[in-house]
Amino acid sequence: MKTKAVRMYGVKDLRLEEFELPEIMEDQILARVVSDSICMSSYKAASQGSGHKRVPDNIANEPVMIGHEFCGELVRIGSRWQGQFAEGQKFSIQPALNYEDGPVGILSAPGYSYTTIGGDATYIVIPREVMEQGCLLPYEGDSFFYGSLAEPVSCIVGTFYAMYHTRQGSYVHQMDIKEGGSMALLAGVGPMGLGAIDYAIHRDRKPRLLVVTDIDDFRLERAASIYTVEDARENGVELHYVNTKDMKDPVAGIKELNGGKGYDDVIVFAPVKPVVEQGDALLGIDGCLNFFAGPSDPSFSANMNFYNVHYGATHVVGTSGGNTEDLKESLKMMAAGRINPATMVTHVGGLDSVVETTLHLPEIPGGKKLIYTGISMPLTAISDLAQKGRTDPVCAKLAEITARAGGLWCREAEEYLLANAGSI
C-alpha cells in the first residue's frame, strides 16, 4: 500500500514523500493515521538529526518517519494479533517503548527511530515490538485529536508521579506531589503548562495552593479564562496567575502567596537558566524541583543552591515522557470528562504543512499544532479562522463551530474538517 509521510534524512532535512509500504508480516499491523500533534521534541530531533539520541545514524539512506503523538484506525491485522485487535478499531500509541532491541536500543521510539511508523503519515506499519511492549492502546473516544493529545498529557501525568518527598529519619521516597501542599508552575501557560494546570486541579491528589507564572499577559489571560480561579476553588485549589516580568523580586513575590514560605513542588516548563534558578530558589524544606522542559543544548546548565540541598533536603528530578500507565490514565480522565486537553490546541493543518511547521516550531506562537494527515491545509490558527473564512467557506464554518465551543477545537470541528477539506 502507498503512503504519504514526512521523513527525516538529516539535520533539518524533512521531506513529504509518497512511497510503497512493505506488506505486513504475521506479527505486524497496518494502520491509518488520522491525527498527529506536533511536539517540540520533533523540532529538536529535526534540528539534531542523527545527533539526537533517539535517531539512528543511517537516516540519509534509511529515512525515519517523524511524529509521535498520533491516533488513527487499524486497517489490517497480522495473524498473531487477530482476536486481540480488530480492523476499524481506533488506537493511540505510547511511543516510549523501552525496547532494548530497537533501531537505537532502549531509546527507540515511533516518530524518531523507525522507517515505517510515525505520526506524520497517512498509513503506517506497526512493528511487533509496539504490541509486545503493550504500547498499542485501544482508544474508545469519539474524537481522534484527543487520542493524539493523550501522549503529551501522559507526559504531564508522569511528571506529577515522578515528584517525590522524604521524611526526616526515613530513606523511603514518597512519590507524587505533596497532597494539600504548595505547587508552582513556572513558564506555565504554554501548551504543556495548560495541561498541567488542568491536571493539577482535576486529579484526585491535589495541591492546596497552585501558582502559575509567565511573562506574557495574553497567554496568562487566556489560561485564566480557561482554568478559572473559581473552578479551581470549587475543586479545593487556591489558584493564582502571576506575571513575573516586571516584578523586582519574583521569588519573594511568589513566596508571599504561600505565607512567605518555600514551595513543596515546582515544575519548570522552559529551558531558561534564570527560570530554573528561580525554581530552585522557590523550594521549601523537602521541596522537589522538576525540570520538565528538555533543552536543545546538551551543555545547558544552571546554578543550584547546595546549601539548601544539604540542610533543606531540596532535590531535583527530570522527566521526559510518560509510561503506558500514564497514557491509560490520560485516556481514562479524558473519556470521563475530568480533563479537556483541547485547550492545548491553537492551530490546525494538513500533512503538507508539517515540514515547515516542524522546522519553525519555536517561531510559531500559541500552543499545540494539530495535524490531520489525510488532508491538505496550511497551518491555521483557530483564532484566524474567521478572517480566512472571508474567502474560504471551510474556514468560515470552522470559525462558527469553534466560536460555539468557546474558541476551542472540538469533535464537531474535527468531523466537519475531515468531511470537507481537500485530500492530500
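In the stretch 1-51, if every C-alpha pair distance is counted and binned at 5 Å from zero, what percent goes to each bin?
5, 15, 19, 21, 19, 16, 5, 0
Grab every C-alpha pair in the stretch 1-100, bin the distances at 10 angstrom width from 0 up to the longest one, and report whole percents.
14, 39, 37, 10, 0
Where a ≥ b ≥ c are the square roots of the eigenvalues of the C-alpha gyration tensor, would you call the stretch 340-384 rounded, which needs a/c under 1.5, or, failing that, prolate if a/b is larger than b/c, or oblate?
In terms of gyration-tensor shape, oblate.
Please name whichever of Ala196, Gly180, Val130 sits farthest to the positive end of the charge dipole of the stretch 87-199, dipole taken about the Cα centre and charges placed at Cβ: Lys and Arg +1, Asp and Glu -1.
Gly180
Work out how much length Ile424 to Ser320 would gain on full extension: take 0.36 nm times their residue separation and subtract the Cα-Cα distance, in nm to one decimal.
On the way: separation 104, 0.36 × 104 = 37.44 nm, distance 3.26 nm.
Value of the extension gain: 34.2 nm.
Tell me, in nm to one decimal, what length is gained between Arg167 and Tyr311 on full extension, where the rule is 0.36 nm per residue of separation less the Cα-Cα distance? Working shown, then result.
On the way: separation 144, 0.36 × 144 = 51.84 nm, distance 1.33 nm.
Separation in residues times 0.36 nm, less the Cα-Cα distance, equals 50.5 nm.
Over all directions, what mean area does the Cα convex hull of the chain project, stated in square nanometres? Let's see the in-between values first.
Details: hull surface 83.5 nm².
Taking a quarter of the hull surface, the average projection is 20.9 nm².
Against the globular-protein guess of 2.2 N^0.38 Å, express the Cα radius of gyration of the stretch 320-406 as a ratio, rounded to two decimals. Please report the intermediate quantities before stating the final value.
On the way: Rg = 15.1 Å, N = 87, 2.2 N^0.38 = 12.0 Å.
That works out to 1.25 for the stretch 320-406.
Which FRET efficiency value, to the nearest 0.05, is calculated for Arg208 and Glu400 with the Förster distance at 56 angstrom and r the Cβ-Cβ distance?
Numbers: r = 41 Å, r/R0 = 0.73.
Efficiency, rounded to the nearest 0.05: 0.85.
For the stretch 157-283, what is the per residue volume of the convex hull drawn over the alpha-carbon atoms, in cubic angstrom?
Details: hull volume 13.9 nm³, N = 127.
Convex hull of Cα atoms, per residue: 110 Å³.
Give the Rg/Rh ratio for the stretch 30-88, taking Rg as the radius of gyration of the Cα atoms and Rh as the Kirkwood radius, to two decimals.
Values: Rg = 15.0 Å, Rh = 13.6 Å.
Using only Cα positions, Rg/Rh for the stretch 30-88 is 1.10.
With each label point set 7 Å from Cα along the Cα-Cβ vector, what nm distance links Asp57 and Asp176?
Result: 4.5 nm between the two label points.
Which number gives the lysine pairs in the stretch 296-424 that have C-alpha atoms under 22 Å apart and are eight or more places apart or on different chains? All intermediate terms of the calculation are to be shown ahead of the outcome.
Values: Lys328/Lys368; Lys332/Lys368; Lys368/Lys388; Lys368/Lys397; Lys369/Lys388; Lys369/Lys397; Lys388/Lys397.
Here the count comes out as 7.
Using C-alpha positions alone, give me the convex hull volume of the stretch 85-156 per residue in cubic angstrom. Working shown, then result.
Values: hull volume 7.2 nm³, N = 72.
Each residue corresponds to 100 Å³ of Cα convex hull volume.
Roughly how many percent of the accessible protein surface of the chain is carbon and sulfur, given a 1.4 Å probe and a whole-percent answer?
Details: 9040 of 18200 Å².
Solvent-exposed carbon and sulfur of the chain make up 50 percent of the total.
Calculate for the chain the 222 nm mean residue ellipticity that helices alone would give, adding -39,500 (n - 2.57) per DSSP H run of length 4 or more and normalising by residue count, nearest 500 deg cm²/dmol. Walk me through the numbers on the way to the answer.
Working: 14 runs with 129 residues, N = 424.
Result for the chain, helices only: -8500 deg cm²/dmol.
Compute the acute angle (0 to 90°) between the alpha-carbon long axis of helix 191-202 and the principal axis of greatest extent of the alpha-carbon atoms of the chain; round to the nearest 10°.
60
State in Å² the accessible area per residue of the chain; use a 1.4 Å probe, count heavy atoms of protein chains only, and round to the nearest integer.
Values: 18200 Å² over 424 residues.
So the chain comes to 43 Å² accessible per residue, rounded to a whole number.
Can you send over the solvent-accessible area of Val212, 1.4 Å probe, protein chains only, in Å² to the nearest 10?
0
What's the angle, to the nearest 10 degrees (0 to 90), between helix 144-162's Cα axis and the longest principal axis of the chain?
Compared with the principal axis, the helix lies near 30 degrees.
Over all pairs of distinct alpha carbons, what does the Kirkwood formula give as the hydrodynamic radius of the stretch 283-352, in Å? All intermediate terms of the calculation are to be shown ahead of the outcome.
Values: mean 1/r = 0.0624 Å⁻¹.
Roughly 16.0 Å, rounded to one decimal.
Which value, in Å² rounded to 10, gives the accessible area of Lys178 with a 1.4 Å probe and all protein chains present?
Its heavy atoms expose roughly 100 Å² to the probe.
Can you tell me how much longer the chain between Glu18 and Glu234 gets when fully stretched, taken as 0.36 nm per residue apart minus their C-alpha distance, in nm with one decimal? If you can, show how the numbers build up before the last one.
Details: separation 216, 0.36 × 216 = 77.76 nm, distance 5.14 nm.
Stretched out fully, the Glu18 to Glu234 stretch lengthens by 72.6 nm.
In terms of the ratio Rg/(2.2 N^0.38 Å) built on C-alpha atoms, what value belongs to the stretch 210-312? Provide the component values of the computation, followed by the final result.
Values: Rg = 14.5 Å, N = 103, 2.2 N^0.38 = 12.8 Å.
Taking N as the residue count of the stretch 210-312, the ratio is 1.13.
Which whole number of Å³ per residue matches the convex hull of the alpha-carbon atoms in the stretch 51-121?
Details: hull volume 7.6 nm³, N = 71.
Taking the convex hull of the Cα positions in the stretch 51-121, it is 107 Å³ per residue.
The values are calculated or read from the model by the stated rules, or taken from the named source; none is laboratory data. Please read all numbers here as calculations on a predicted model, not as lab measurements. Don't worry about glycine lacking a Cβ; one is built from the backbone with ideal geometry, like all the others, and counts go over all protein chains shown. These accessible areas exclude ligands, DNA and RNA; they are computed on the full protein's heavy atoms, side chains included. Shrake-Rupley method; radii C 1.70, N 1.55, O 1.52, S 1.80 Å.
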